[in-house]
Each structure stands twice: as structure tokens, then as C-alpha cells.
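Colleague: Take a look at the following structure, please.
The values are calculated or read from the model by the stated rules, or taken from the named source; none is laboratory data. Quick caveat: nothing in here was measured; it's all calculated off a predicted structure. For neighbour counting, all protein chains shown are included, and Cβ atoms are generated from backbone atoms with ideal geometry for every residue, glycine included. SASA here: full protein model, heavy atoms, side chains in, ligands and nucleic acids out. Shrake-Rupley method; radii C 1.70, N 1.55, O 1.52, S 1.80 Å.
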Amino acid sequence: MDTISNKNYRGERPLFGSHDLILDNITIIDGESGIKCCQNLECHHSKFYGKYPWWHVDKSLITDCYFAPESRSAIWYSNSMVMRDSVIDGPKFFREMKDLTLENVKINDADETFWKIDGLKIKNVELHEGTYPFMFSKNIFVDGLISDAKYVFQYCQNVEVHHAKITTKDSFWECNNITVYDSDLNGEYLAWHSKNIRLVRCHINGEQPLCYMDNVILEDCTFDTACDRAFEDCSNIKASIKGTLTNIKNPISGKIVADKIGSITINEYVKAPNNCEIIEKL
């Protein structure tokens, strides 16, 4: 592979069509589409300021790079990519991609990031600000995530999450086949309208969690006192809860076991078959 080092580029498409190339300490100063329709690239210790700098690039490795706010919508339609040890300050990154891996990456404007990704692996990633990261993505594996972006994981399929701290509202909505281990899930309206959800050793905080769902499993989870009206209109529940759950409202079917339950609300709006078993152990 050839190497280009210590170069600055500007204007439109300066590296269009490049392949089998190592880029080291380059800067895309301005312009559009600095690296486009390329294949088999490595990029190290570089900075990107122009718009749309990395589109339609297959088989690439990016390490120790910086993407400025001006580099919005920077990486789209690019398959088989690995990014490590980088900082992103621009919005709307990573769209319409397959086989994307991120490790030790900090995204400071996560607005509309990770849309329609098929095959996403992230390890030790931070997401800050913005709305709707991970929209319409599938086949996701997460090990280490800190996120305060709004409305994370909506319309997602086949997601496995470990060691996450997610502070948001309306997370995991309209999702299917989600498993979350050893994580803090903070925010209102967790996982509404989703199915096949499994939470293992998670701590849940926020109003009205886990409602309008089908097939929800909780194993050794804990709830904050703010978690009222849990499990409303949920069917096929299998929940094992440590500590106290403040309030359960109108579950449809299944079994909920908790150390202690503050109150249970069953009113005329509960749906058939209305046979959920609720057990307080203490």
C-alpha cells in the first residue's frame, strides 16, 4: 500500500477513487467529499473539517482522527469500517452502512447518528447531545456505552448491550429482540411498544417503564422509587425484581416477583386475559 503523509486538501473530491492507500497526518481543510468512492484505506492521526468527507468507502480503518463540527454527515454508505481512538464533533454520522466497529470513540454531537446500520459493534463509546441515535439499525453488539443523547435505540432489532449507562427518554421504543446486561437505564418510558426484551441485572430509573410490550423478561433487576405504573398493558411477563417496585399497573399476563411492591393498580381498563401473577416475597 502507498502512503500519503503530512498533506492538506481542500476543494471537492481531492482523493476521489483512491484505493490501497495509507493516509497519515492529513487534513481535509474545507470543501466537500474529500474521500469518496474509495476502497481499502487506512487513515491515522488526521483531521477533517470539510463536509461529507468519507462516503462510499469500503474496507477502511480510521485511528486517532478528529472530525470537526463542519464535517457533518461525514461517513455514509461505507461498509466494513473500523474506527478507534477518535473524536467526533459533527452530527449525523454513520448512515446506511454494514459491518461497522467503533472502539474508544467519543461523539459529542450524536444527533441522528448510526441510522440504518446492519452489523454494528461498539466498545467504550460515548454519545452526547442530539436525538435518535441508532434509529432503524439491527444486529448491534455493545460493550461499554455512556450516552445522554435523547431517544436512543428506536426501531432496532437484534441488540445486545453490556455495561451501559443510558440517560435519556423513550429509549428502546418499537424494538424487537433486545438483551441488556449490567446497565443503568435512566429516563422515562423505557422500552414502550417493544417485544422480546430481556434485562439482566439492570437498574431502572424513571416513570412508567416497560409498558405496551409483549414477552418481557427481567432477571435480578432493581428499580428506583420513581418507577411507577410499570408493566401497563404488558403481556407474557417473566420478571424477577430485587428490592422494591413502587407501583404496578394493569399487567395483562405472565408473572412478576419482587421483594416488595408498593402498590398494585388494576382497574376497568386492564386487558384480557388479566391473569398476571404478582408475588411479593417479603
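Colleague: Across region 127-139, what is the number of residues that are surrounded by fewer than 18 Cβ atoms within 10 Å (Cβ to Cβ) and either out of contact with any Phe, Trp or Tyr (no Cβ under 6 Å at 6 or more places or on another chain) or of a type in the set (Lys, Arg) (or both)?
Modeller: 3
Colleague: Still on this structure, please answer the following. Kindly provide the set of residues from region 4-29 that are open to solvent by less than 60 Å² (accessible area, probe 1.4 Å) and either in contact (Cβ under 8 Å) with a residue 40 or more places away in the chain or assigned to a strand (DSSP E or B) (or both), ordered by number.
Modeller: Hits for region 4-29 are ILE4, SER5, TYR9, LEU21, ILE22, LEU23, ASP24, THR27, ILE28.
Colleague: May I pose another question? Just to be sure before I move on: is VAL142 crowded, with 17+ Cβ neighbours inside 10 Å, in contact (Cβ under 8 Å) with a residue 24 or more places away in the chain, farther than 22 Å from PRO53 by Cα and in contact with a strand residue (DSSP E or B) (Cβ under 8 Å, 6 or more places away or on another chain) in the structure I sent? Outline the logic, then answer.
Modeller: Details: crowded, with 17+ Cβ neighbours inside 10 Å: yes; in contact (Cβ under 8 Å) with a residue 24 or more places away in the chain: no; farther than 22 Å from PRO53 by Cα: yes; in contact with a strand residue (DSSP E or B) (Cβ under 8 Å, 6 or more places away or on another chain): yes.
For VAL142, the condition - crowded, with 17+ Cβ neighbours inside 10 Å, in contact (Cβ under 8 Å) with a residue 24 or more places away in the chain, farther than 22 Å from PRO53 by Cα and in contact with a strand residue (DSSP E or B) (Cβ under 8 Å, 6 or more places away or on another chain) - is not met.
Colleague: Considering each residue of region 244-258, count those that are open to solvent by 30 Å² or more (accessible area, probe 1.4 Å) and closer than 16 Å to ASN205 by Cα, and give that number.
Modeller: Total satisfying the criteria: 2.
Colleague: CYS276 - would you say it is touching a Pro at 6+ places or on another chain (Cβ under 6 Å), over 20 Å from GLY206 (Cβ atoms) and not hydroxyl-bearing (Ser, Thr, Tyr)? Walk me through how you get there before you give the answer.
Modeller: Working: touching a Pro at 6+ places or on another chain (Cβ under 6 Å): yes; over 20 Å from GLY206 (Cβ atoms): yes; not hydroxyl-bearing (Ser, Thr, Tyr): yes.
Yes: the conditions hold for CYS276.
Colleague: Output the number of the condition that THR101 fails; it satisfies all remaining conditions of (1) at positive phi; (2) modelled with pLDDT of 95 or more; (3) surrounded by fewer than 22 Cβ atoms within 10 Å (Cβ to Cβ).
Modeller: It fails just one condition, (1).
Colleague: Would you mind stating whether CYS37 is under 28 Å from the mean Cα position of the chain (by Cα), surrounded by fewer than 18 Cβ atoms within 10 Å (Cβ to Cβ) and free of Cβ contacts under 8 Å to residues at least 60 places away in the same chain?
Modeller: yes
Colleague: While we're here: Which numbered condition in (1) crowded, with 24+ Cβ neighbours inside 10 Å; (2) in a loop (DSSP other than H, G, I, E, B) is the only one that VAL216 fails?
Modeller: That leaves (2) as the condition not met.
Colleague: Kindly provide the set of residues from region 233-282 that are touching a Lys or Arg at 6+ places or on another chain (Cβ under 8 Å), outside any strand (DSSP E or B) and within 17 Å of LEU199 (Cα to Cα), ordered by number.
Modeller: none
Colleague: What pairs come up if the first residue lies in region 262-282 and is closer than 19 Å to THR246 by Cα, the second is in a loop (DSSP other than H, G, I, E, B) and among the hydrophobic types (A, V, I, L, M, F, W, C), and their beta carbons are under 7 Å apart, counting only those six or more places apart or on different chains?
Modeller: Here the result reads CYS276/ILE252, each pair linking region 262-282 to a residue that is in a loop (DSSP other than H, G, I, E, B) and among the hydrophobic types (A, V, I, L, M, F, W, C).
Colleague: Now, a different point. Please count how many residues of region 189-204 are polar (S, T, N, Q) and open to solvent by 50 Å² or more (accessible area, probe 1.4 Å).
Modeller: The first filter runs over region 189-204 and keeps only residues polar (S, T, N, Q), leaving 194, 196.
Next cut, open to solvent by 50 Å² or more (accessible area, probe 1.4 Å) only: 196.
Residues flagged as polar (S, T, N, Q) and open to solvent by 50 Å² or more (accessible area, probe 1.4 Å) within region 189-204 amount to 1.
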